[in-house]
Amino acid sequence: MKHQTLAELHGVAEVEASFPAMTRRQRLEHWAMLLERNPERCLAAFPGTEYMTLDVRDKTQSLGSALSIAFADPTLRAEGLKNDTYGEAKRFFELTDWQLHAVVCHCHVGGTMKAGWAAVQVRSAINKEGKLFSKLREAIAHWPVFRILTHARE
């Protein structure tokens with residue numbers, strides 16, 4: 001059976017969704033809940049994601065990983081999760097490389113990890129948007145010295 005997203009199905013059929021799309025937060029909470037169902041389950045970790053080139057990292061898969069748990073879920077697939085690769089998880093869950101690295105990389109736990117541990121990492125990413133430089137730039141723009149310079153130009 002071939003899994004397709006709603007967007008892909010719209011190309012070949014008229015599809016009417018009976019449920020609203022999940023938000024980023026809801027997708028991450030759902031993934032964490034899936035992992036928490038069996039917190040002692042051993043999952044495969046990804047080796048050295050921070051050392052891989054971007055194209056290799058994005059295509060990386062690990063059978064029996066936390067990403068495999070997410071992709072096995074019909075709800076997340078219906079929401080648009082296309083596969084269990086690192087790059088697809090990063091896109092679908094709207095995570096930065098460092099946020100996803102914290103969930104799946106072996107450098108924190110070794111070759112395997114407990115599903116409960118992965119769930120904690122997923123939950124820690126929920127309130128972190130991963131836009132550190134945007135937030136920093138926004139904060140700096142509101143410093144008094146920069147506001148004075150901006151007004152002087154006007």
Quiz item: Residues of the range 1-36 being modelled with pLDDT of 75 or more, surrounded by fewer than 13 Cβ atoms within 10 Å (Cβ to Cβ) and either under 21 Å from residue 111 (Cα atoms) or hydroxyl-bearing (Ser, Thr, Tyr) (or both), which ones?
Solution: 23
Practice problem: Could you tell me which residue of the range 61-78 is surrounded by the fewest Cβ atoms within 10 Å (Cβ to Cβ), considering only residues that are assigned to a loop (DSSP other than H, G, I, E, B) and of a type outside the set (S, T, N, Q)? | Solution: 63
Practice problem: Go through the range 84-120 and count every residue that is surrounded by 16 or more Cβ atoms within 10 Å (Cβ to Cβ) and among the basic types (Lys, Arg). | Solution: 2
Quiz item: Can you name the residue in the range 18-51 that is among the hydrophobic types (A, V, I, L, M, F, W, C) and assigned to a loop (DSSP other than H, G, I, E, B) and, of all such residues, is nearest to residue 86 (Cα to Cα)?
Solution: 45
Quiz prompt | Tabulated pairs, the range 69-90, first free of Cβ contacts under 8 Å to residues at least 24 places away in the same chain and charged (D, E, K, R), second buried (at least 19 other Cβ atoms within 10 Å of the Cβ) and not in a loop (DSSP other than H, G, I, E, B), C-beta under 6 angstrom, 6+ apart or interchain | solution = 84/67; 84/71
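The values are calculated or read from the model by the stated rules, or taken from the named source; none is laboratory data. These numbers come from a predicted model, not from an experiment. Note that we place each Cβ from the backbone using ideal geometry, even for glycine, and neighbour counts take in every protein chain shown.
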